[in-house]
Amino acid sequence: MTHISVTIKKPDVVVLTGDSVSGPFWDGSIDWYESLWTLYTTPMREMGIRWAYAHGNHDGEGDLSALDIVKMDKSDPLSLSDYVDGIRGSSNFFIPILNPQNQTVSVLYVFDSGRMGCYGLSGYECVYPDQIQWYQNVSENFKMMNGNKPIPSMAFFHIPFPEYLDMYNTKRVRGHMKDAGGVCCSGANTGLFDAMKKQQDVKAVFVGHDHENDFIGEYEGITLAYGRKTGVAMYGPSEGVLRGARIIEIDTNNGWSFSSWIRQEDETIDRQNYFHEPEFFLSAKLMVCCGVEPTDMTRFFAGLPTMIVGTTVTVGLIGFILTKKIREKQKT
């Protein structure tokens with residue numbers, strides 16, 4: 001499938017949004033992950049296409065740690081993958097996109113969204129405040145280089161943040177939401193989306209994780225999108241849906257804009273002209289990110305974690321939707 005995607009379109013760069021290998025299937029053999037890495041990167045290497053790797057929650061469950069995977073990937077001359085010492089995660093880096101005059105016209109940010117248990121809570125992990133601060137610092141540097149104007153950017157990571165859930169409930173979206181778990185977003189909202197709004201540079205976010213979700217929509221001025229299940233392992237895509245890959249095309253000829261669609265395994269294009277309308281009945285809403293226990297949501301609202309600033313959290317409590325803004329300053 002990867003070979004079809006890169007052959008038909010031949011993109012400038014391929015971003016792998018995690019779970020490139022299903023770590024739980026490690027058979028105990030030596031160099032297991034490396035052999036599979038060689039397999040899934042072969043189409044890009046054969047065609048001389050650059051790629052970038054974001055860590056998923058299952059990649060590091062085999063014979064290599066998450067950091068070892070990134071270091072191995074980084075060793076290939078076509079790889080743009082990297083890591084930052086001193087902050088959480090193993091695949092945090094940025095890719096500047098340059099015009100013929102060697103000016104940065106866009107930036108791709110890649111984050112490590114972890115595995116399980118954001119702040120020790122139930123559910124999936126998250127992008128932590130030190131990673132968010134790193135992003136804000138880099139964003140500010142690019143802004144200074146650009147005459148104090150934000151540079152239009154995109155972000156890529158594996159586990160969606162909770163705004164994906166709220167968008168599906170409250171906005172019109174295109175595409176499928178067929179994952180049995182609904183939206184398996186991070187178990188706590190650490191403020192990454194709010195930071196992106198504050199920086200005014202990220203125009204679109206792309207995630208993986210939920211094998212049967214591929215919807216795309218706009219939430220408070222930022223496009224939030226899933227990719228399409230590409231690989232053959234584990235579950236998905238859902239019945240009647242072809243495997244594929246999300247294509248993103250950035251246009252800087254007149255200002256800055258982008259378009260996106262799904263390239264399917266039979267070489268057809270799915271422009272996702274089918275819609276899900278906002279849910280008005282509470283019984284139809286997705287109440288909480290999958291895997292999050294009600295007791296943990298109670299702890300979260302009680303002030304854990306206390307360092308979150310300006311975060312929007314949407315949860316269901318006793319049959320109703322509660323949206324709460326947490327405005328607590330970081331405790332020192």
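The values are calculated or read from the model by the stated rules, or taken from the named source; none is laboratory data. No experiment lies behind these values; they were computed from the predicted model shown. In this analysis, Cβ positions are derived from the backbone assuming ideal geometry, glycine residues included, and neighbour counts consider all displayed protein chains. Side chains included, ligands, DNA and RNA excluded: accessible areas come from the protein's heavy atoms. Shrake-Rupley method; radii C 1.70, N 1.55, O 1.52, S 1.80 Å.
Would you please give the residues with an amide H less than 5 Å from that of W261, counting only those at least 5 places away or on a separate chain, with H modeled from the backbone geometry?
Here the answer is I247, since their amide H atoms fall under 5 Å of that of W261.
Given H placed on each backbone N at 1.01 Å, which residues far from Y219 in sequence or on other chains put an amide H within less than 5 Å of it?
L224
Sort 99-106, 238-245, 156-163 for me by packing, meaning the mean count of neighbouring Cβ atoms within 10 Å per residue, highest on top.
Peptide ranking by packing, descending: 156-163, 238-245, 99-106.
In square angstrom, rounded to the nearest 10, how much accessible surface does M234 have for a 1.4 Å probe?
Here the residue's solvent-accessible area equals roughly 90 Å².
How much accessible surface does S153 have with a 1.4 Å probe, in Å² rounded to 10?
That residue has around 0 Å² of solvent-accessible surface.
Can you give the accessible area of T190, probe radius 1.4 Å, in Å² rounded to 10?
Looks like 20 Å² after rounding.
Which whole-number value in Å² is the accessible area per residue of the chain, probe 1.4 Å?
46
Sort 45-51, 134-140 for me by packing, meaning the mean count of neighbouring Cβ atoms within 10 Å per residue, highest on top.
The most tightly packed comes first, giving 134-140, 45-51.
Scan around S106 for amide H atoms under 5 Å from its own, H built in the peptide plane at 1.01 Å from N, and keep only partners 5 or more places away or cross-chain.
The answer is I97.
With the Cα gyration tensor of region 1-117 giving a ≥ b ≥ c as the square roots of its eigenvalues, does the rule (a/c under 1.5 for rounded; else a/b larger than b/c for prolate; else oblate) give rounded, prolate or oblate?
Oblate, because a/c is 1.5 or more while a/b does not exceed b/c.
Using Cα centres only, tell me the gap between region 220-266 and region 148-206 in whole Å.
Cα centres, region 220-266 to region 148-206: 14 Å.
How many nm separate the modelled label positions at A284 and N99, each set 7 Å beyond the Cα in the direction of the Cβ?
4.5
Report D for the chain in µm² per second (integer): Stokes-Einstein, Kirkwood Rh on Cα pairs, 20 °C, 1.002 mPa s.
The calculation lands on 105 µm²/s.
Can you send over the carbon and sulfur percentage of the accessible area for region 92-172, probe radius 1.4 Å, protein chains only?
52
In this model, which of K10/K178; K10/K203; K10/K71; K203/K285; K71/K285; K229/K285 are farther than 31 Å apart at the alpha-carbon?
Violating the 31 Å Cα-Cα cut-off are K71/K285.
Please get the size of the charge dipole for region 237-285, origin at its Cα centre, with Cβ charges of +1 on Lys and Arg and -1 on Asp and Glu, quoted in debye to the nearest 20.
Here the size comes out at about 160 debye.
Sequence gap at least 6, Cα distance under 8 Å: using those rules, report the relative contact order of the chain to the nearest whole percent.
Answer for the chain is 15 percent.
Please list M145, M72, M44 in order of solvent-accessible area, largest first, computed with a 1.4 Å probe with all protein chains present.
Correct descending sequence by accessible area is M145, M72, M44.
List, in order, the whole-Hz ³J(HN,Hα) value for each residue of region 241-246 obtained from phi through the Karplus relation with A = 6.51, B = -1.76, C = 1.60 and θ = phi - 60°; use x for Gly and Pro.
10, 7, 4, x, 8, 7
If you plug each phi of region 51-67 into the Karplus form 6.51 cos²θ - 1.76 cosθ + 1.60 with θ = phi - 60°, what whole-Hz ³J(HN,Hα) values come out, in order, with x for Gly and Pro?
9, 9, 10, 9, 6, x, 6, 10, 4, x, 9, x, 8, 10, 6, 4, 5
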